[in-house]
1. Which of the three applies to segment 157-255, rounded, prolate or oblate, going by the alpha-carbon gyration tensor with a ≥ b ≥ c and a/c under 1.5 meaning rounded?
2. Nearest 500 deg cm²/dmol is fine: what mean residue ellipticity at 222 nm does the chain get from its DSSP H runs of n ≥ 4 alone, each adding -39,500 (n - 2.57), divided by its residue count?
3. With a/c under 1.5 counting as rounded, go ahead and sort segment 36-194 into rounded, prolate or oblate using the C-alpha gyration tensor (a ≥ b ≥ c being the square roots of the eigenvalues; past the cut-off, prolate if a/b is larger than b/c, else oblate).
4. Under 1.5 on a/c is rounded, so check that first for segment 1-115, then, if it is not, pick prolate when a/b is larger than b/c and oblate when it is not; a ≥ b ≥ c are the square roots of the alpha carbon gyration tensor eigenvalues.
5. Of the accessible area of segment 60-216, with the probe set at 1.4 angstrom, what percent is carbon plus sulfur?
6. Solvent-accessible area per residue for the chain at a 1.4 Å probe radius, Å²?
7. Towards the positive end of the charge dipole of the chain, with charges on Cβ (+1 Lys, Arg; -1 Asp, Glu), say which of 54, 280, 241 has the farthest Cα.
8. Take the Cα of residue 155, step 7 Å along the line toward its Cβ, and report every residue of segment 102-125 whose backbone nitrogen sits under 19 Å from that point.
Amino acid sequence: MTSTTDVREFVVNQRSGVKGLVDSLKLTTLPSTYIQPPHRRLTSDNILSSSSQVPVIDVSNWNDTQVASKICDAAAKFGLFQIVNHGIAPVELKALVAAARGFYELPVEERSRYWKGSSVSVTAWLTTSFSPYKESVLEWRDYIKFEFLPQRDGFDATWPPVCKEQVTEHFKRMKPIANNILSILIENLNSTINESSQQTLMGTLRMNFNYYPECPEPSLAIGTGRHSDINTLTLLLQEDGVLRSLYARATEDGEKWIYVPPIPGAIVVNIGDVLQIMSNDRYRSVEHCVLVNKSCSRVSIPVFCEPLHDSVIQPLQEVLENNEMARYRKVVYSDYLKGFFERPHDGKGTIESVKL
């Protein structure tokens with residue numbers, strides 16, 4: 001497997017993923033298919049030395065006005081924060097990570113049964129990189145995505161047996177946490193969540209098992225490229241002990257990044273583009289990326305709260321009451337989603353495309 005074409009054929013078209021590539025070859029150098037151009041790499045010169053900027057919020061009492069204030073402040077200033085004492089037991093989170101690793105430890109033939117486009121499940125599919133048919137350079141990541149089915153309380157018998165119970169239970173545990181955070185953020189905009197807005201804020205729930213294998217030359221690669229999440233809210237579980245992986249842009253202005261460390265039992269909360277649009281920039285979606293490691297693999301598990309596909313996304317009337325000008329045009333979420341996946345990760349390009 002010597003050429004770029006051979007690698008891409010094996011990883012993408014033969015459905016082996018980057019995990020299959022690492023398992024089948026003893027790589028000492030990074031295949032050219034994965035070598036990112038210099039401007040897409042994150043270097044130590046751009047990383048701020050302190051990660052203390054990332055707020056850590058104790059949410060043991062959701063009714064505490066100080067909790068609400070801290071969440072809204074973090075959503076406005078940083079676009080992300082970590083929550084602790086959220087009620088999910090550490091043993092449950094560890095079981096979920098073990099289930100994710102269990103999936104990627106399956107034989108490649110078993111994993112490939114879930115490959116996007118021909119998956120044995122209509123609500124779970126596996127792929128590699130981000131948008132592998134659109135990218136000239138691939139990201140060093142595989143991921144399987146699960147979609148929550150409310151009518152079945154989340155459960156889908158076609159999900160991989162090695163993880164379907166843990167996926168189902170994690171969806172159930174995360175849903176009320178997401179609802180609590182969104183209620184706080186929407187009330188801060190002088191609005192409330194009703195049945196209709198509930199469908200816009202979290203009518204769809206999805207979950208990824210992201211897998212980042214060991215990388216022979218991590219400084220040349222990227223695990224997940226620079227982007228903001230396009231959905232409403234993301235609740236991310238990082239694997240304990242794997243350091244220097246997740247980074248977020250410190251400001252909208254400069255090329256400075258802050259490290260988001262894994263805190264045992266914590267959940268990272270990202271504000272997505274939909275909330276930035278609905279709040280008319282009162283909240284900010286945060287650009288972030290993932291680096292890879294030479295000595296170990298890493299798992300991360302985000303839950304994405306998303307609008308229903310036919311939802312119309314626009315600034316809330318409540319934030320425009322005092323003759324404030326809307327900063328974004330109306331957009332149907334399915335169109336927004338399509339635009340996001342039609343190109344490689346490109347920072348905040350998708351939200352920029354709907355600015356007035």
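The values are calculated or read from the model by the stated rules, or taken from the named source; none is laboratory data. Small disclaimer: the values here were computed from a predicted structure and weren't measured. When we count neighbours, we look across all protein chains shown, and the Cβ atoms used for this are built from the backbone with ideal geometry, even at glycine. The area values use the complete protein model at the heavy-atom level, side chains included, leaving out ligands, DNA and RNA. Shrake-Rupley method; radii C 1.70, N 1.55, O 1.52, S 1.80 Å.
1. Details: a/c = 2.62, a/b = 1.28, b/c = 2.05.
Oblate.
2. Working: 10 runs with 96 residues, N = 356.
The helix contribution divided over the chain gives -8000 deg cm²/dmol.
3. Details: a/c = 1.99, a/b = 1.27, b/c = 1.57.
Oblate.
4. Details: a/c = 3.38, a/b = 1.70, b/c = 1.99.
Cα axes put segment 1-115 in the oblate bin.
5. Details: 3230 of 6650 Å².
Of all accessible area on segment 60-216, carbon and sulfur atoms account for 49 percent.
6. Details: 15190 Å² over 356 residues.
For the chain, the solvent-accessible area averages 43 Å² per residue.
7. 241
8. 121-124
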